[in-house]
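Notes follow once the structure below has been shown.
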Amino acid sequence: MNVRIIDYKAGNAPSVFHAVERLGYGESTRFARTAEDFDGATHIILPGVGSAKATMESLRGLDLIPALEEAVLKKSVCFLGVCVGMQILFEHSEEENADCLGWLEGRVVKFDNTKVRVPQMGWNQVRFVDSQASKKSGEDRYYYFVNSYYVKPENPSDIWATAFYNGEFTAAVHRGNIYGTQFHIEKSGESGLTLLKGFLDL
Amino acid sequence: MNKLTKRLIACFDIIGGRVTKAVNFQDNIDVDSAETLAEKLYEAQIDELIFYDITASNEKRKIDIEMVKKVANRVFIPFTVGGGIKNLDDMYETLKAGAEKISVDSMAVRNPQIIREGAREFGSQCIVLSTQVKRESKMPSGYEVYIDGARLATGLDALDWLKQVEELGAGEICLNSIDNDGTLNGYDLRLMKMAEEAVNVPLIASGGAGEPEHLRVLFTETGSQAAIISSMLYSPRMSRNYSVRALKDELQSAGINVRPFFNFFEKNFEFF
């Protein structure tokens, strides 16, 4: 097993590393900062804080995108995007009008700040849809969110979990080897660590 | 529909790596080491933690990065670090050490642009504006902003300041009532109500919690998103302390939406 956590300026890769380490996978985990760092990877995690645009600019600036697409889209390496790391999997983000990776069809839009406080900040109840990836769906689980924007996938089959903030929104996505969570798995206590362990054990 | 829960946040005043407890910003008594108490509260399922390195600004010291790293190694919930942060480099270093958010207080009054710069560089969600306010009838809102550990009056109206920091890009506001702080008589509800109506970012109410009923009233009567509790959890001065679970159970039975205590060992909890 070879885990790579993508480390770029605005990301919180160290926090994700701490969580991976806590689960006992520290030895097989490295930060990825160059395209070569993806060689031999079995799991890639893209942490995210800040804006979609800044994250895309960082990935482009480090010239990571072709190698990342080779690993995830061609070699089917398990991929997990967290928060903004999930948002950039879609085609476009309203936030600063950013073009994103487009691995999944759909866009990223803002919560209506005339109806709810923005950013959404705190623990929200997440419901996973029935799928192989969540055997025990339906049980209440709480995860920590910090987001002003949320994803609107075009394909309902990509929706892995939902939560409610000014109505129902997509809290996690899943297609094949690609996973994404809007919430911060690395900051969601034991619920987050359990989910992370599930991903690392794939 | 909105299912976001109300948060209970433990706030630590740190002196030299130790958590202390003061009343009205005086007479600090030693409680525990920061990382040990943080870990205990993490296991007790507190929702979030805030660390104020309360002597850092006074002594012109920098934030204790080693302490931040130790906490980040043991605690997997969001935590905020404040006190002694002077510039973007300090913010970057603190975030990279594993903090989720940075709190600015006195420094932001002296240099409000730091809020804008921090929000631009790291995102608004990372920038918490903490402020201490005191009742003052000459102010339009009835409250004045104090800085430097509540020692120095600024002449700033509390509501004007909150609106300004939201405009500058603060992602969250932690509002402490100097009058109520340490009294254990409950939050300043009038202040919190006024503040949450004035701004759209999440508001953390601080100062005065002494019993579970104070939390229930706060969340019922104001739109505060979160509450600071510290004395109730660990102050050696209190006749009794409460567990996070007891507080959550009580709030839940009063119909307040909180993250319920979850027994991870009892229930079969797995993914994939």
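Here, each number is a calculation from the coordinates, and none is a lab measurement. Here the structure is a predicted model, which means the values were calculated and not measured. Cβ placement follows ideal geometry from the backbone for every residue including glycine, while neighbour counts extend to all protein chains displayed.
Quick notes on this structure:
- Phi-based couplings in Hz for region B:186-193 (Karplus 6.51, -1.76, 1.60; Gly and Pro marked x): x, 6, 7, 5, 4, 4, 5, 5
- Reference-scaled alpha-carbon Rg (2.2 N^0.38 Å with N residues) for region B:63-175: 1.09
- In region A:1-89 the Cα-Cα distances spread across 10 Å bins starting at 0 as 18, 56, 25, 1 percent of all pairs.
- Per the Debye formula on identical point scatterers at the alpha carbon atoms of chain B, with no solvent, log10 I(q)/I(0) at q = 0.14 Å⁻¹ is -0.97.
- Rounded to two decimals, the Cα radius of gyration of region B:124-272 over 2.2 N^0.38 Å is 1.16.
- Cα-centred dipole magnitude for the protein assembly as shown, charges only on beta-carbon of K, R (+1) and D, E (-1), debye, nearest 20: 440 debye
- Theoretical FRET efficiency, 1/(1+(r/R0)^6), r = Cβ-Cβ of A:THR114 and B:SER137, R0 35 Å, to 0.05: 0.55
- Of all DSSP bridge pairs formed entirely within chain B, close to 30 percent run antiparallel.
- As a size descriptor, the averaged projected area of the C-alpha convex hull of region A:1-155 was calculated at 10.0 nm².
- Highest mean first, the peptides B:236-243, A:68-75 sorted by other C-beta atoms within 10 Å per residue fall in the order A:68-75, B:236-243.
- Estimated inter-spin distance, A:GLU154 and A:GLU70, nm [label 7 Å along Cα→Cβ]: 2.8 nm
- 12 Å Cα-Cα reach of B:LYS62 towards aspartates and glutamates, excluding residues that sit fewer than 8 places from it in its own chain: B:ASP53, B:ASP89, B:ASP90, B:GLU93
- 3J(HN,Hα) along region A:74-79, derived from phi through the Karplus expression 6.51 cos²θ - 1.76 cosθ + 1.60 where θ = phi - 60°, amounts to 9, 8, 6, 5, 4, 10 Hz, with x in place of Gly and Pro.
- Modelled label positions at A:ASN97 and B:ILE65, each set 7 Å beyond Cα in the direction of Cβ, lie 3.9 nm from each other.
- For B:LYS163, the lysines whose Cα falls under 24 Å of its own Cα, not counting residues fewer than eight places away in the same chain, are A:LYS110, A:LYS115, B:LYS6, B:LYS86, B:LYS101, B:LYS134, B:LYS138, B:LYS193.
- For region B:41-47, backbone phi angles converted through the Karplus equation (6.51, -1.76, 1.60; θ = phi - 60°) give residue-by-residue couplings of 6, 4, 5, 7, 6, 5, 7 Hz, Gly and Pro being listed as x.
- Most to least packed among A:147-159, B:100-112 [average Cβ atoms within 10 Å]: B:100-112, A:147-159
- Taken residue by residue and averaged, Cβ atoms of other chains lying within 10 Å of the Cβ of B:94-104 number 3.
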